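S.K.: A single structure is presented below for examination.
All of the numbers you see were taken from the coordinates with simple rules; none came from a lab. Just so it is clear, the structure is predicted and the values come from calculations on it, not from any experiment.
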Amino acid sequence: VASSFAPMLLALLAYLLGGIQPASAAITFDSALDQILNHNASVEIQKTNVEMASTKAFGAKAIFLPQVLLSAPLPGSNGAYYSPTGGASGTVTLNLFRGGADLAGIQAANADLESQNHGLDNVRLSVEQEAIGVLIAEINAHKSTEALSKQVKSFNNYLDIANQRYRNGALAQQEVEKISIDTENANAKLQNMKTQVSVSQANVARLLGH
């Protein structure tokens, strides 16, 4: 099923992305999906949550790293350098292990980071599923419109023939009315499908950030 949709997907994406891609650029389903993900607010918010959790996790681990403070001679009023100690100095401090409190902080920060990463995966999956559904709905709407347009054209031809036969006395009025009703129903279905095409196009444009 996926392979049968692939050519239609590529053709549709080429049409939909034409306004934001060079005409000569190769457009693939993956690249379109990336654009949709990059324009999704929920994905961007969750990415920020991941970045914040990552910073917090790094900070929790950094508490065990030594802190180095360096000082150097300062320039005097005449441009000469002087220092109370006569030279540069440095201080190294190291935080002590506080009975497991720091380790617990690291574990909590790591757990939060893992949770945020899982959240990002879930958000991306949800957006991808919506995107695929919208793209396929767009394809189906266009294909259905094409089929209904052909059907309406055929009904109009049948109705013209039926009217001609009725005028020649070769067809009952009831038969003409039946074909006329069928033609009206086909036209109504076509107009409804055209509305669905507009809706599906708007959904794709929304996902692409247009």
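S.K.: Please provide three numbers in whole Å: the alpha-carbon extents of region 118-210 along the principal axes, with the largest listed first.
M.R.: Here the spans come out as 74, 21, 13 Å, largest first.
S.K.: If each residue of separation counts as 0.36 nm, what is the full-extension length gain between Glu184 and Lys56 once their alpha-carbon separation is subtracted?
M.R.: 39.5 nm
S.K.: What full-extension length gain, to one decimal in nm, is calculated for Ser31 and Asp160 as 0.36 nm per residue of separation minus the Cα-Cα distance?
M.R.: 41.6 nm
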